[in-house]
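**Q** Dropping a structure here in structure tokens format, bear with me for questions.
The values are calculated or read from the model by the stated rules, or taken from the named source; none is laboratory data. Here the structure is a predicted model, which means the values were calculated and not measured. Positions of Cβ are backbone-derived with ideal geometry, glycine not excepted, and every protein chain shown enters the neighbour counts. For the accessible areas, the whole protein counts, side chains as well, though only heavy atoms, and no ligand, DNA or RNA atoms are used. Shrake-Rupley method; radii C 1.70, N 1.55, O 1.52, S 1.80 Å.
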Amino acid sequence: MSSESSKKRKPKVIRTDGVPAEGKRGKGDTDQDVRYYSEESEVDLRDPIKDYELYRETCQELQRLMAEIQELKSRGIKENAAEIDERRVQSCVHFMTLKKLNRLAHIRLKKGRDQTHEAKQKVDAYHLQLQNLLYEVMHLQKEITKCLEFKSKHEEIELVSLEEFYKEAPPEISRPAITLTEPHQQTLARLDWELEQRKRLAEKYKECLTSKEKILKEIEVKKEYLSSLQPRLNSIMQASLPVQEYLFMPFDQAHKQYETARHLPPPLYVLFVQASAYGQACDKKLVVAIEGSVEEAKALYKPPEDSQDDESDSDAEEEQTTKRRRPTLGVQLDDKRKEMLKRHPLSVTLDLKCKDENVLHLTFYYLMNLNVMTVKAKVTTAVEMTTAISAGDLLSPDSLLNCLYPGDHGRKTPNPANQFQFDKVGILTLSDYVTELGHPYVWVQKLGGLHFPKDQPQHTVAADNSLSASHMELTVKLLRSRLQSRLALHKQFASLEHGVVPVSSECQQLFPTKIVSRLVKWTAIPYEDYAELPYTKDVIEAGLAEDTHLYYMALIERGTAKLQAAVVLNPGYSTLPPVFSLCLNWKGERNSSNDDNIRAMESEVNVYYKELWGPKPGYQLLTNQLQRLCMVLDVYLETEPHDPSVEGPKEFPQEKMCLRLVRGPLRLKPFKFNYPQGFFSHR
Amino acid sequence: GCRELWTRRPPCRSSLEVPEINALEVNQRDHWAVLAGGDGAVRVLDLESGAFTHELRGHQDLVHVVALREQLPQVLSGGEDGTVRLWDLRLGSQVQLIEVHKYQECSRPQLGKWIRCLATESDWMVCGGGPALTLWHLRSVTPTTVFPLAPPQHHALFHQDMVLSGGVGPALHLLQLNGDVRGRVPVSPPALRSLCLHPRSPEHQVLTVGGNSPKIDVFTNLGYRAFSLSFT
């Protein structure tokens, strides 16, 4: 029975997994007995160890029974059949027990498994919960950090500092009571204040813009008004021209000259400006004018000409002439030369008037490619002068302005860069072209503000006003004195050629009343002749006689004695004195190398010339020197000791009063004339 | 940068012309100097006291040159008047007078009678100028040798056994005592005025000459000019 019921209940038990048997029992089995047998509950009651013991026992019993059965069966079949059946029944019972035990074991296993499963599920659930919670925690933490990092836009706005805020903001905004304690409120208040301020400033800005527009419009209007004024002023000026002429105020003329001056090249412009300024300020007798063609000057600047690039110019020319006959090389070179030496079409003229109405005309030209200025000079005299033969060179335009400053002979171009330009076109030196181009003196460059340093070629030399100004006064003075000295010499030469030494009344006291020696001849000699004379070597060696100077020969005679005097006249007469070299022909040839007294005579005129300048400005130096030469020749000849071997009286009796005839180791004669006592003594 | 140490002016008669001093010789041993004056007087200046001790008059015209005789306190002077006079300083007066121009051998009247150069050594004297350069024996007052130099000589010296002289003409003459011209050395100045030998070292001969030019010639060997000093 129990086996049948348990067989019936077995499928129910298997189906209902894990459900407590009591409850199920109550609901499911309605059609069964109230008392049923639940093996699950039995499991809880029985002890597994005892069950195991039972199992072993049962197994042992079974083994014993089987063994008995075996034994019985082996003995015989009939006797033991009942015992075998008994044993069989017993063994069946044991088998039943085993089965039950097996079932119980299975049930226990299942229960165990169910319990484990339950526990595991619980643990899993908790685990999940834990994970969820952890996840949420992390999420919340992230959110928190995000919130903490959050920068609101209000922090980017620059607010005024706290002190200023409390100072400036009105109390209803700043609410110091609240805001000082709470930072949040404080920030809010500050933002409020900022907003208000910005609104105010935006309004101001709009106002300013509108006012600016207004003012711009006003400016426009005034500009138009001014531009309409210019033509009206012009018409007024035109109308005033006749008034100017009537009142002799030639503003317009000066204006026109300044207009023309605008087209002058820079050095000529500097010269023009400085000369007119000087003329207005210091020297009323200096007149400046501009000559030449303004249109040509304007035409110079229209197409940009590269005058440095000779090659391209000549190439262009050559291309043009392939159709025609090619010009010869010489003609090409000539053209290049002409191009290089081209003059600017405008020139500046300076007229210097002197007190006696003689005028020195200077015309200044500018050579564009060479960047030098040249000058041509001309003299017009008030009275027609009789030209003495020897005075031919004195006023010639070529040599009139020679060596105005020492060493400035004007034959070489002062711009060192020109040498390279000349080499390109085969010009040896500028002196070949000086007669038509004018002289490039250094003082002319200085007047034009061009300053060329001595030994270094420079590419461009710009015209400089200050250089011109500092030289203007000195140069004009030198020019005047040069003209006047030359004119004075001119007059003197005319008289000297007739054998008369003109001595003015102021200088009469330098000489005794009676001088017997006379000037017989006065001629001009060329430099080569002067250099060949034997007694002029010392002067040439001392550097006092160069080819820019003027040379003359004077002959003074008394009786049989002839005194030759070779004179070198420095262009800077009379500041620089003429130098005499003497040779006396009387009983032999005596000159400075063999006769100390001739040396002393030379020193009387060469060294002590300052006494002979005469009244300022000293143009009588030359004639006074000649007169003194006559005087010392007299003294020399008269104080010669009488030679007792020669018969007859002395050729020159002593008429001059002398204190002593001989003095000093050189045994010199008394050449110094004392006024007013009228005797001769030694220096 | 030079400063004048002292000045002594010999007394002069008139203020119109102050006489020049043409020559000066110093006696180093006894510290006096002899001056040849332009007024014809030979003066002796005592260098220690600064006073003019002697004034020896006798020349008719200016005195050109003086020379000292070594052994005795005697002074020779030559002047424009053509005389050479011997003065004794102890006696303070002229002892001897030689009128050079009166001797036929040496006088050259066409050049004049003035005596410009004078040198003496023991008993011998050489003098010249207008008259030809002549060697004299003083005790017998005879001209022994006349040197054949045409131009007037301005300065002469005794040197070893020779006489050196220079004058008009750009040459220094080396003359032997018998009258031969041993050498004629060209110099830079066209006329020589002064010759000077280094006094103290006999082994290094240095001769300097100066004259009518801005150059002074220096000789280390009397045969040729070594170099010139020039003024700039």
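**Q** Evaluate the following for A:Glu604: is it buried (at least 17 other Cβ atoms within 10 Å of the Cβ) and away from chain B (no Cβ under 14 Å)?
**A** Against the criterion (buried (at least 17 other Cβ atoms within 10 Å of the Cβ) and away from chain B (no Cβ under 14 Å)), A:Glu604 qualifies.
**Q** So in segment A:657-673, with the set limited to residues that are more than 10 Å from chain B (Cβ to nearest Cβ) and open to solvent by 20 Å² or more (accessible area, probe 1.4 Å), which one is nearest to B:Ala41 (Cα to Cα)?
**A** Filtering segment A:657-673 for residues that are more than 10 Å from chain B (Cβ to nearest Cβ) and open to solvent by 20 Å² or more (accessible area, probe 1.4 Å), the one nearest to B:Ala41 (Cα to Cα) comes out as A:Leu668.
**Q** Does B:Arg57 count as away from chain A (no Cβ under 14 Å), surrounded by 17 or more Cβ atoms within 10 Å (Cβ to Cβ) and within 26 Å of A:Arg667 (Cβ to Cβ)?
**A** No; evaluated as a whole, the condition is false for this residue.
**Q** Sticking with this structure for a sec: Where residues in segment B:193-225 are of a type in the set (Ser, Thr, Tyr) and within 14 Å of chain A (Cβ to nearest Cβ), which of them is least open to solvent (accessible area, probe 1.4 Å)?
**A** The extreme case among them is B:Ser213.
**Q** Tally time: how many residues in segment A:65-78 are closer than 20 Å to A:Met96 by Cβ and open to solvent by 100 Å² or more (accessible area, probe 1.4 Å)?
**A** 0
**Q** Go through (1) touching a residue at least 40 places away in the same chain (Cβ under 8 Å); (2) closer than 21 Å to A:Val501 by Cβ; (3) more than 14 Å from chain B (Cβ to nearest Cβ) one by one and return the number of the condition A:Glu651 breaks.
**A** All conditions are met except number (2).
**Q** Quick one: in segment B:121-133, of everything that is buried (at least 22 other Cβ atoms within 10 Å of the Cβ) and not small (Gly, Ala, Ser), which residue is nearest to A:Arg590 (Cα to Cα)?
**A** B:Pro131
**Q** Out of A:Tyr535, A:Tyr636, A:Tyr619, which single residue is away from every other protein chain (no Cβ under 14 Å), modelled with pLDDT of 85 or more and not in a strand (DSSP E or B)?
**A** Matching residue, one of A:Tyr535, A:Tyr636, A:Tyr619: A:Tyr636.
**Q** Could you pull out the residue among A:Lys111, A:Lys122 that is open to solvent by 90 Å² or more (accessible area, probe 1.4 Å) and basic (Lys, Arg)?
**A** Going through A:Lys111, A:Lys122 in turn, the sole match is A:Lys122.
**Q** Picking from A:Glu172, A:Glu245, A:Glu194, which residue would you name as being surrounded by 10 or more Cβ atoms within 10 Å (Cβ to Cβ), among the acidic types (Asp, Glu), modelled with pLDDT under 80 and farther than 30 Å from A:Ser470 by Cβ?
**A** Every option except A:Glu245 fails the conditions.
Let's see how each residue does on (1) surrounded by 14 or more Cβ atoms within 10 Å (Cβ to Cβ); (2) of a type in the set (Lys, Arg):
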site: A:Ala531; (1), (2): yes, no
site: A:Pro534; (1), (2): no, no
site: A:Val539; (1), (2): yes, no
site: A:Leu544; (1), (2): yes, no
site: A:His549; (1), (2): yes, no
site: A:Leu555; (1), (2): yes, no
site: A:Arg558; (1), (2): yes, yes
site: A:Leu563; (1), (2): yes, no
site: A:Val568; (1), (2): yes, no
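**Q** Restricting the search to segment A:79-108, which residues are open to solvent by less than 80 Å² (accessible area, probe 1.4 Å), among the basic types (Lys, Arg) and under 30 Å from A:Ser38 (Cβ atoms)?
**A** Correct list: A:Lys100, A:Arg103, A:Arg108.
**Q** Check A:Pro440 against each of (1) open to solvent by less than 10 Å² (accessible area, probe 1.4 Å); (2) touching a residue at least 40 places away in the same chain (Cβ under 8 Å); (3) on the phi > 0 side of the Ramachandran plot and name the one condition it does not meet.
**A** (3)
**Q** Scan segment B:167-192 for residues that are under 17 Å from B:Phe147 (Cα atoms) and open to solvent by 50 Å² or more (accessible area, probe 1.4 Å) and jot them down.
**A** Passing the criteria: B:Gln176, B:Leu177, B:Asn178, B:Asp180, B:Val181, B:Arg182, B:Arg184.
**Q** Between a first residue in segment A:609-623 that is within 14 Å of A:Ser505 (Cα to Cα) and a second residue that is among the charged types (D, E, K, R), which pairs have beta carbons less than 8 Å apart while being 6 or more apart in sequence or on different chains?
**A** Listed by first residue and then by second, the contacts come to A:Leu612/A:Arg628; A:Gly614/A:Glu506; A:Pro615/A:Glu506.
**Q** Mind checking which residues of segment A:547-588 are at pLDDT below 85 and under 28 Å from B:Gly211 (Cβ atoms)?
**A** A:Lys587, A:Gly588
**Q** Here's another thing I want to ask about it. Given the structure, is B:Gly79 out of contact with any Pro (no Cβ under 9 Å at 6 or more places or on another chain), within 14 Å of chain A (Cβ to nearest Cβ) and under 26 Å from B:Thr134 (Cβ atoms)?
**A** Answer is yes for this residue.
**Q** Does B:Phe158 satisfy being touching a His at 6+ places or on another chain (Cβ under 8 Å) and of a type in the set (Phe, Trp, Tyr)?
**A** no
**Q** Looking at the structure I just gave you, is A:Val567 assigned to a strand (DSSP E or B) and away from chain B (no Cβ under 14 Å)?
**A** Spelling it out, A:Val567 is indeed assigned to a strand (DSSP E or B) and away from chain B (no Cβ under 14 Å).
**Q** Using beta carbons and a limit of 6 Å, which pairs, at least six apart or on different chains, have the first residue in segment B:154-172 and within 14 Å of chain A (Cβ to nearest Cβ) and under 17 Å from B:Thr220 (Cα atoms) and the second one basic (Lys, Arg) and part of a strand (DSSP E or B)?
**A** Partner pairs satisfying both residue conditions: B:Ala171/B:Arg184.
**Q** Please specify each residue of segment A:582-600 satisfying the condition of being within 12 Å of chain B (Cβ to nearest Cβ) and assigned to a loop (DSSP other than H, G, I, E, B).
**A** Result: A:Lys587, A:Gly588, A:Ser592, A:Ser593, A:Asn594, A:Asp595.
**Q** Here is a further query. For residues that are surrounded by 20 or more Cβ atoms within 10 Å (Cβ to Cβ), closer than 21 Å to B:Asn22 by Cα and either modelled with pLDDT of 90 or more or more than 14 Å from chain A (Cβ to nearest Cβ) (or both), tally how many sit in segment B:98-113.
**A** Matching residues across segment B:98-113 total 2.
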